[in-house]
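Participant: Have a look at this one.
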2 protein chains.
Amino acid sequence: MKIGELSRRTGASVRALRYYEEQGLLAPERLPSGYRDYDERSVVTVHRVRVLLSAGLSTASIAEILPNVVDDSVVLTGRCPELREGLAAERARITERIEALTAARDILDSLIGRPLVVSGR
Amino acid sequence: MKIGELSRRTGASVRALRYYEEQGLLAPERLPSGYRDYDERSVVTVHRVRVLLSAGLSTASIAEILPNVVDDSVVLTGRCPELREGLAAERARITERIEALTAARDILDSLIGRPLVVSGR
DNA sequence: CTAAAGGCTGACGTTGACGTGAGGGTCAAG
DNA sequence: CTTGACCCTCACGTCAACGTCAGCCTTTAG
């Protein structure tokens with residue numbers, strides 16, 4: 001499929017898709033016309049990229065992670081302790097942020113769920 | 001206390017503290033010299049700001065939330081339905097972010113080989 | 001009193017993930 | 001065979017959360 005369709009099917013802008021390629025997250029074929037030609041797996045890949053980006057990972061980190069996801073091989077990861085450590089660190093950061101967000105949401109809940117309290121104290 | 005001490009006690013840079021003020025997150029008094037004069041509560045406030053920022057909230061969102069939290073108690077929220085709506089919207093955004101982060105963490109978990117923990121809300 | 005340390009206000013620089021044209025090919029339809 | 005939708009490659013613009021530097025004033029230590 002061409003870039004416009006992938007864009008519609010993933011919600012990522014055309015510009016974003018070209019940017020992902022520039023960052024090594026996608027490697028579409030090229031048609032004789034020079035047009036990018038994506039396969040079905042690209043749809044899943046783009047969704048993963050977006051999830052990880054929205055989680056605060058950089059394209060560089062994602063580029064490290066992605067090949068392992070695509071191949072569905074945890075084997076490589078298990079063999080590379082350096083990469084494993086990096087991933088564990090990212091995981092820890094994400095967990096911290098989930099906890100921070102949960103705390104923030106609890107604060108909002110206490111504000112919303114307690115109507116007509118005019119003053120603290 | 002002056003800005004340098006607050007910086008040391010919070011880990012935020014002097015520049016960051018001035019930036020937070022610019023964004024309406026802090027409102028220190030001023031000494032006759034023009035120096036900023038922070039009270040003890042500022043320490044807690046800055047910590048809250050940093051947690052929320054690291055969780056991915058913008059200073060604008062934080063500015064909406066912060067004034068409503070004073071000494072961990074509710075102030076005037078119940079009387080303003082407009083504000084309540086804003087907070088509810090903010091809550092929804094936070095929940096979305098938590099879900100995105102959880103999905104991202106699951107991806108990392110599958111790579112690391114850690115068993116997926118069923119999120120208990 | 002003097003120098004170092006710390007504070008102040010601009011104001012420009014930085015980084016990451018794109019947005020937004022400019023200028024120009026490609027392709028299916030009428 | 002022209003029109004309009006879609007694609008291409010530069011390449012500059014943007015926005016957030018600060019970093020950094022300049023030029024100048026205030027406070028503190030000796």
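Participant: Taking A:R48, is it at the interface with another protein chain (Cβ under 9 Å from one of its Cβ atoms), in a helix (DSSP H, G or I), modelled with pLDDT of 90 or more and surrounded by 14 or more Cβ atoms within 10 Å (Cβ to Cβ)? So that I can check it myself, show each step before the final result.
Facilitator: Numbers: at the interface with another protein chain (Cβ under 9 Å from one of its Cβ atoms): yes; in a helix (DSSP H, G or I): yes; modelled with pLDDT of 90 or more: yes; surrounded by 14 or more Cβ atoms within 10 Å (Cβ to Cβ): yes.
Answer is yes for this residue.
Participant: Out of A:S13, A:S33, which single residue is within 9 Å of DNA strand C (Cβ to nearest atom), without any contact (Cβ under 8 Å) to a residue 24 or more places away in the chain and more than 22 Å from B:R97 (Cα to Cα)?
Facilitator: On the way: A:S13 fails: more than 22 Å from B:R97 (Cα to Cα).
Only one candidate qualifies: A:S33.
Participant: Mind listing just one residue for me: the one in the range A:18-39 that is within 15 Å of A:S7 (Cβ to Cβ) and in a strand (DSSP E or B) and, of those, farthest from DNA strand D (Cβ to nearest atom)?
Facilitator: Among those residues, the one meeting the criterion is A:D37.
Participant: Select from the range B:16-30 the residues that are aliphatic (A, V, I, L, M) and touching a residue at least 40 places away in the same chain (Cβ under 8 Å) and list them in ascending order. So that I can check it myself, show each step before the final result.
Facilitator: Within the range B:16-30, the subset aliphatic (A, V, I, L, M) is B:16-17, B:25-27.
Across the range B:16-30, the qualifying residue is only B:L25.
Participant: Can I ask one more? Go through the range A:1-53 and give me each residue that's of a type in the set (K, R) and either under 18 Å from the mean Cα position of the chain (by Cα) or closer than 29 Å to A:L87 by Cα (or both).
Facilitator: Going residue by residue through the range A:1-53, those that are of a type in the set (K, R) are A:2, A:8-9, A:15, A:18, A:30, A:36, A:41, A:48, A:50.
Those that are of a type in the set (K, R) and either under 18 Å from the mean Cα position of the chain (by Cα) or closer than 29 Å to A:L87 by Cα (or both): A:R8, A:R9, A:R15, A:R18, A:R41, A:R48, A:R50.
Participant: Based on what the data block shows, is A:G56 under 13 Å from the mean Cα position of the chain (by Cα) and either facing another protein chain (nearest Cβ under 10 Å) or modelled with pLDDT under 75 (or both)?
Facilitator: Numbers: under 13 Å from the mean Cα position of the chain (by Cα): yes; either facing another protein chain (nearest Cβ under 10 Å) or modelled with pLDDT under 75 (or both): yes.
Yes, satisfied.
Participant: What are the residues in the range A:59-77 that are surrounded by 14 or more Cβ atoms within 10 Å (Cβ to Cβ) and modelled with pLDDT under 70, if any? Walk me through it before giving the result.
Facilitator: Filtering the range A:59-77 down to residues surrounded by 14 or more Cβ atoms within 10 Å (Cβ to Cβ) leaves A:59, A:61-66, A:68-69, A:74, A:77.
A:N68, A:V69, A:V74, A:T77, listed by residue number.
The values are calculated or read from the model by the stated rules, or taken from the named source; none is laboratory data. These numbers were taken from a predicted model, which means no experiment stands behind them. All Cβ positions, even for glycine, are placed from backbone atoms using ideal geometry, and neighbour counts span all protein chains on display.
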